[in-house]
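This report concerns only the one structure given below.
The values are calculated or read from the model by the stated rules, or taken from the named source; none is laboratory data. Just so it is clear, the model here is predicted, and its values are computed rather than measured. Don't worry about glycine lacking a Cβ; one is built from the backbone with ideal geometry, like all the others, and counts go over all protein chains shown.
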Amino acid sequence: MCTSLRTGIDRSGLGLHSQPLNFSSGLAPLASRAIQIGLSRGAVDLYADRWITDITDITDLVREIHSDVRAGKPDVAMGKLPPERVYPLSEHIRQRIGADQNSTQ
């Protein structure tokens, strides 16, 4: 991670971590990586009080997907997952965080 990005993250009160996406059993790992962002107390307050507009209980769906995976039907399980969307990055942000060209498509 470039120094200016690290400095900006440190000043923002955010934490940033990138890791490969993996499924626990029966489903192949994805080629993409996940970004996990940790929020400072002030950002948590904004997130909880202003940014969350709806919460949906997906427990039953997750149980179905888990059941499909355990039954050896990973394709059925994958078909129940929502489509993955690539977050669009401007060229400026892509360069600043060191993302590859594929991250903008």
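So the check is Cβ under 7 Å with 6+ separation or different chains; which pairs have a first residue in the stretch 34-47 that's touching a residue at least 24 places away in the same chain (Cβ under 8 Å) and a second one that's surrounded by 11 or more Cβ atoms within 10 Å (Cβ to Cβ) and aromatic (Phe, Trp, Tyr)?
Going by the 7 Å Cβ cut-off, the qualifying pairs are LEU39/TYR47.
Would you pick out the residues in the stretch 45-58 that are assigned to a helix (DSSP H, G or I) and within 19 Å of the chain's Cα centre (by Cα)?
Hits for the stretch 45-58 are TYR47, ALA48, TRP51.
Could you tell me which numbered condition GLY38 fails, if it satisfies all but one of (1) surrounded by 11 or more Cβ atoms within 10 Å (Cβ to Cβ); (2) out of contact with any strand residue (DSSP E or B) (no Cβ under 8 Å at 6 or more places or on another chain); (3) not hydrophobic (A, V, I, L, M, F, W, C)?
(2)
So that you can scan it fast, the table gives a plain yes or no per residue for (1) in a helix (DSSP H, G or I); (2) in contact with a Leu (Cβ under 6 Å, 6 or more places away or on another chain); (3) of a type outside the set (Gly, Ala, Ser); (4) at pLDDT 85 or above:
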position: VAL62; (1), (2), (3), (4): yes, no, yes, yes
position: GLY79; (1), (2), (3), (4): yes, no, no, yes
position: ARG85; (1), (2), (3), (4): no, no, yes, no
position: PRO88; (1), (2), (3), (4): no, no, yes, no
position: ASN102; (1), (2), (3), (4): yes, no, yes, no
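Out of everything in the stretch 54-103 that is small (Gly, Ala, Ser) and closer than 19 Å to GLN36 by Cβ, what residue ends up being surrounded by the fewest Cβ atoms within 10 Å (Cβ to Cβ)?
GLY98
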